Amino acid sequence: MKVAVAGCCHGALDKMYETLELLQRRHNVRPDLLLCCGDFQAVRNEADLRCMAVPAKYRDMQTFYRYYSGEKKAPVLTVFIGGNHEASNHLQELPYGGWVAPNIYYLGYAGVVRFRGVRIGGISGIFKSHDYRKGHFECPPYNQQTIRSAYHVRNIEVFKLKQLKRPIDIFMSHDWPRSIYHYGNKKQLLKMKSFFRQEVESNTLGSPAASELLQHLKPTYWFSAHLHVKFAAFMQHQTNSKEELPKATKFLALDKCLPHRDFLQIIDIEHDPSAGDSLEYDAEWIAVLKATNSLVNVTQSSWNMPEKNALHAKWDYSATEEAIKEVLEELNHNLKIPCNFTLTAACYDPSKPQKHVEPVHTINPQTTEFCAQFGLTDINDRIQQAKEEGSVRSEYEEEEDEEDVDSTGSAEEPSEYNTDNSGLSCINPDEILLDEEGGDEDLSTCSVDPSPDHAPDFSTSFSDIRVMPDSMAVSSDDAMDSTNEELEKSGVSKQVEEKSLNERPLKRIGGNENGNSGIKKIKRRNQAIYAAEDEDKTE
């Protein structure tokens, strides 16, 4: 089957679906599934805009609300993960995944589903070490801290995904797995984005948590976005035994959804011809959720997942064949995900703006039904309970708790990632400027049709095969880079590249000389981005 993969959508659903329709009209290519790698921006109304971590001037309603209201329907089944510019209050309603609109499905904080026999997994958000070991404690209305921490990856989601034993066909993350740049055309990447050089050479670009998952899951395909540049890589994984067949991962990072950007990719995926056309639950993933339900944490306290050491009586939460069989029996072997989308908020009405509506913490019926069916903890219900319990506690109890909690994390054992080595790896330098995340961009994506004078270029590629060591700590020797000619010769998929004659350049934002040195450095690097914008477009 044909699968379309998109990078950062930034709410421009009309633009994305129009491009797919144009592809079908001109080239008779019709995808069966659309995957989006984060920054989807499922914004329903003005309250949702206030829960998105962007400066006020970038809070644009875009077009998702039309699909939420039913005015429009996605022409192709769409599955997406969250990024770092999302209506977090909306996505938080569906921690285990669910429909955000008819035919548009969110994978949740982490999730695995099936479509036509193809197993698709993903993890939402970006990595930040200072929030990695916390629970999902945030809820609207957010403050300046929680509006950002709400989209930070947590160790419990990585732990759940690491319990999977069966093969994964496709996996999505918003930020790149750390070290992935060593397995593609690194020279070309640094030519397009020279400001990545320091992080690449110090091996700090990307998410160490995603790298850990890549090493464990070894999916056939891994798709990412976030850094707003297209990049392909091919990795041959090491085998654990002589009997194990070698596995390889084809990695592809997509650009953001803009007319002049290469934001859409079409790939051919082997599927089960006998499987239905419905999105389905994954029985092993459901079994893992049930097994790890006792680990759910909705507090700010830092803690580590169970490991094979003297501190934990149990550390293996993988699903047994019996547990998977029980899930199948509970569902009567009908894994079809119910089309139970429900409106949980008022939809934006351009004729009746509601600029001062405050966001509220909502329990979504889809999550309630899912948790009841499989005996899982409704995270949002637990958060509300914790808030109610906290409201009646005495000041003495609160002060006592604060003394008991180490601000640096668990007292029993150190974190897997005890410092934020991600540096600027979790900063998208070609993005909106936030004090913590860095970067700045003009998010006013256009809905201009691609130029009819240019047919899509279907010549994407992956670099030569390299063995990935267990540590993923690979030398940054430029000799490992493949040439452009090699990349073109090893093409395995089709790309859609559309140009616009009316491209609007991104605005250049100067640095704050009164800020700290770290912030000034980020801003100077962003100035370099936009100063080189014209050069990037011509190469």
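The values are calculated or read from the model by the stated rules, or taken from the named source; none is laboratory data. Note that the coordinates shown come from a computational prediction; the quantities given were computed from them, not determined experimentally. Don't worry about glycine lacking a Cβ; one is built from the backbone with ideal geometry, like all the others, and counts go over all protein chains shown. When the accessible area is computed, the model is the full protein with side chains, heavy atoms only, and any ligands, DNA or RNA have been set aside. Shrake-Rupley method; radii C 1.70, N 1.55, O 1.52, S 1.80 Å.
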(message) As a test of reading the structure, rank 312, 10 by solvent-accessible area (1.4 Å probe, protein chains only), most first.
(response) 312, 10
(request) Provide the solvent-accessible area of residue 51, counting protein heavy atoms only and rolling a 1.4 Å probe, rounded to the nearest 10 Å². (result) 0 Å²
(request) Using every pair of alpha-carbon atoms in the range 2-395, split the distances into 10 Å bins beginning at 0 and state the percent of pairs per bin, rounded to integers. (result) 5, 23, 34, 27, 10, 2, 0
(request) Can you list which of the GluC sites (Glu not before Pro) found in the range 194-259 are DSSP loop residues with at most 13 other C-beta atoms within 10 Å? (result) 243, 244
(message) Could you report the accessible area of residue 32 in Å², rounded to 10, computed with a 1.4 Å probe on the protein chains as they sit in the structure?
(response) 50 Å²
(message) Quick check for you: with a 1.4 Å probe and neighbouring chains kept, what is the accessible area per residue of the range 2-395, in Å²?
(response) 37 Å²
(request) State, as an integer percentage, the relative contact order of the range 119-244 based on alpha-carbon contacts under 8 Å between residues 6 or more apart. (result) 31 percent
(message) Let's test the formula: R0 of 35 Å, r as the Cβ-Cβ distance of residue 59 and residue 194. What FRET efficiency results, to the nearest 0.05?
(response) 0.70
(message) Set the bar at 18 Å for Cα to Cα. Now go through 218/256; 15/73; 230/256; 162/325; 162/186 and name every pair that lies beyond it.
(response) 218/256; 162/325; 162/186
(request) Extending each Cα 7 Å along its Cβ direction at residue 71 and residue 236, get the distance between those two points in nm, one decimal. (result) 5.3 nm
(request) Compute the distance in nm between two label points, each set 7 Å from the Cα along the Cα-to-Cβ direction, one at residue 143 and one at residue 316. (result) 4.4 nm
(message) Could you work out the relative contact order of the range 261-399? I mean the mean sequence separation of Cα pairs under 8 Å and 6+ apart, divided by the number of residues, in percent.
(response) 29 percent
(request) Give, as a single signed number, the net charge of other residues whose beta carbon lies under 11 Å from the beta carbon of residue 136, with Lys and Arg counted +1 and Asp and Glu -1. (result) 0
(request) With the full set of protein chains in place, find how many percent of the accessible area of the range 2-395 is carbon and sulfur; take the probe as 1.4 Å. (result) 48 percent
